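First the structure, in the form of structure tokens, and then the observations on it.
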Amino acid sequence: SRRLPPQRAGASDDFDDRRSRQSLDVLRKGDLEGLLSDYAPDAVLFTQDGPLKGPDAMKPLFEAMLEESGKPGASFSLKQRSVEGDHAYIVWTAQTADNVYELGTDTFVVRNGKIAVQSFASKTTARG
């Protein structure tokens, strides 16, 4: 399992099991470019540290997430998934060698098959 939730959002069928497995495969392989290709060129990712505009601005965040989630012992548990048309919301928990994610949420808005807007927030405690 990995720290990040399935990233491919779209119409309701994009959150089916096949897509979720495909997205997790991208994460397991550390496929940064595959992950970023899910986002529209003008996508906005809202984080606790402020918005990131476009895949190039998101790249450092995803690099760090892929590095952390790639360490031995990382786990991810999807707790809730709600989809309404091109909008999706997920709730999850995760653990890595570095952090415990007591609660994580992502909200997605998809346009033309690409993530246009995403929000991400988590309650994170460093291990140590």
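Just so it is clear, none of the values below were taken in a lab; they were calculated from the coordinates. This one's a predicted model, so the numbers in the text were calculated from it and none came from an experiment. Cβ coordinates were reconstructed from backbone atoms using ideal geometry, including for glycine residues, and neighbour counts include every protein chain displayed.
So if we plug the beta-carbon distance of Q48 and D98 into 1/(1 + (r/R0)^6) with R0 = 25 Å, what FRET efficiency do we get, rounded to 0.05? Let's see the in-between values first.
Values: r = 17 Å, r/R0 = 0.67.
Computed FRET efficiency for Q48 and D98: 0.90.
For segment 79-128, the Kirkwood hydrodynamic radius comes to 11.9 Å, computed from all pairs of different C-alpha atoms.
Modelled spin labels at D31 and T107, positioned 7 Å past Cα toward Cβ, are 2.9 nm from each other.
For segment 42-83 versus segment 104-119, the spacing of their alpha-carbon centroids is 12 Å. Here the 3J(HN,Hα) profile of segment 86-93, calculated from phi with Karplus coefficients 6.51, -1.76 and 1.60 at θ = phi - 60°, is 9, 10, 9, 9, 10, 10, 8, 10 Hz, Gly and Pro shown as x.
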